[in-house]
């Protein structure tokens with residue numbers, strides 16, 4: 001007796017006559033040069049896919065799309081369309097970043113402004129949002145950090161210098177840090 005031949009699912013369906021010769025759904029996907037998958041449509045869908053995950057600034061989204069190999073000339077008009085449709089809003093992204101960085105992460109206004117600048121937010125938006133941060137908010141944030149770090153009542157000079165550097169890296173102004181730590185660090 002001859003060995004039995006095994007079929008995979010597609011061969012079995014062809015042998016039984018179930019598989020059509022031409023599948024209409026395959027033609028809908030199209031080839032890369034198909035009119036159904038034009039370059040503008042795939043660029044728009046890639047941008048919307050990125051924006052569905054998180055908010056990006058215009059600069060960040062442009063960089064992401066360029067890194068993925070899309071044409072720079074087509075990106076500009078798309079970003080204008082997304083901005084007009086309010087899918088892309090630098091002010092909204094910056095305000096959310098300021099809320100998170102100051103309220104949750106406990107960062108100072110200098111660090112937040114530096115972060116926003118690195119994300120490509122316009123200077124006017126940064127200065128407008130930074131004017132909303134009060135000096136009392138920063139003093140409260142410094143006190144919160146000191147309490148979390150279990151700051152001693154009488155710290156040594158080295159401890160004060162280390163904490164001063166730590167708070168500077170977090171973006172607090174030197175004057176606010178000096179007031180919170182209690183005077184001169186040159187004792």
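Read-outs throughout are calculated quantities, based only on the coordinates presented, and are distinct from any laboratory measurement. Quick caveat, the model's predicted, so the values are computed rather than measured. Note that each Cβ is placed from the backbone with ideal geometry, even for glycine, and that neighbours are counted across all protein chains shown.
Brief remarks on what is shown
- Rounded, prolate or oblate (a/c below 1.5 giving rounded, otherwise prolate when a/b exceeds b/c) for segment 90-130 by Cα gyration tensor: prolate
- Per residue, the average separation of C-alpha pairs within less than 8 Å and at least 6 apart gives segment 77-187 a relative contact order of 29 percent.
- Relative contact order %, segment 67-140, counting alpha carbon pairs below 8 Å whose residues are six or more apart: 26 percent
- Relative contact order [Cα under 8 Å, 6+ residues apart], segment 97-152, whole percent: 34 percent
- Exposure proxy order (Cβ contacts within 10 Å, fewest to most) of 102, 83: 83, 102
- Gyration tensor verdict on segment 39-88 (Cα atoms; rounded if a/c is under 1.5, prolate if a/b is larger than b/c, oblate otherwise): rounded
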